[in-house]
Amino acid sequence: MFRPLALSLALLAPSLPALAADYSDPTWPCVQRKVETLSPGLMWAFPLDPAAVAPDEARDRDVRELAGYLSLRRVPLEELEPRVAAFAETYAGDPEALGLAFYTVFDTLSKRRSRIINGIGDFSLSQIALAEQIDANRVAMDVQMAKDAPDFDAVDALEEKIDWDQIIYTDRQRNIAYLCETPTLLERRLFGIAQMLQRVAVVE
């Protein structure tokens, strides 16, 4: 009996309806809204154009060092507060120096976030393709079984293929919650970094 693709997907995995959580992009599998790009200006309160800031070898080296630590996702921000405080003391709370540190972190983490979002899209497309393949094999098996003299070897081969594909599909689907949460965690870290750096800024 023919099964529409939507029905087969629903049968494969209860979590699958989340594949269409963002209706503007039917290939987006996350319940979180898809936001492809972030704006540093929405996080950093002080006007700054990093490209217009004159180079300073010592400051730029310190900025890169601090930004490198702040970009380490596995290090809680509170553990990095002493480094931020030391940097702010060195540069007398200069919003420009602190802003350069933030923009450097933003560049690193936003690029990482974009790669993850692209990877989630590729993952979703591969899951959709696998579900369609399972659906097609189910249809082929039903067609074979409807014959007066079914080819049971072919039916067995199709059934085995369906079973393996379902195992692969379900195993992959278990990772989707973690994958979908990662861009959100990066976004929250960027906001947290911006707030931490702005707290030690001295505005005259």
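Tell me, how many Å apart are the Cα centres for segment 131-193 and for segment 59-117? Each part's Cα centre sits 41 Å from the other's. For Rg/Rh (Cα atoms, Kirkwood Rh), the candidate list reads (1) 0.96; (2) 1.23; (3) 1.03; the entry that matches the value derived from this model is (2). A protection proxy built from the mean count of other Cβ atoms within 10 Å ranks the segments 76-82, 25-31, most packed first, as 25-31, 76-82.
Over segment 60-204, average the accessible area per residue using a 1.4 Å probe and give it in Å², no decimals.
56 Å²
The three principal axes of the Cα atoms in segment 117-204 give end-to-end lengths of 88, 15, 13 Å, sorted in falling order. With a Förster radius of 45 Å applied to the C-beta separation of residue 73 and residue 153, the computed FRET efficiency comes to 0.30. Lys/Arg Cβ at +1, Asp/Glu Cβ at -1, dipole of segment 122-204 taken about the Cα centre: which of 130, 143, 191 is farthest positive-ward? So the residue furthest toward the plus end is 191. Just the protein heavy atoms count here, and of the accessible area of the chain at 1.4 Å, carbon and sulfur take up 57 percent. Evaluated at q = 0.11 Å⁻¹, a Debye calculation over the C-alpha positions of segment 61-164 (equal weights, vacuum) places log10 I(q)/I(0) at -0.56. The peptide list 141-153, 120-132, 101-113, 161-173, put in order of mean Cβ contacts within 10 Å with the highest first, becomes 101-113, 120-132, 161-173, 141-153.
Per-peptide packing, taken as the mean over residues of other Cβ atoms within 10 Å, places 61-73, 44-56 in the sequence 61-73, 44-56 from highest down.
The values are calculated or read from the model by the stated rules, or taken from the named source; none is laboratory data. What you are looking at is a predicted structure, and each value in this text was computed from that prediction instead of being measured. All Cβ positions, even for glycine, are placed from backbone atoms using ideal geometry, and neighbour counts span all protein chains on display. Note: accessible area is taken over every heavy atom of the protein model, side chains too, but ligands, DNA and RNA are not part of it. Shrake-Rupley method; radii C 1.70, N 1.55, O 1.52, S 1.80 Å.
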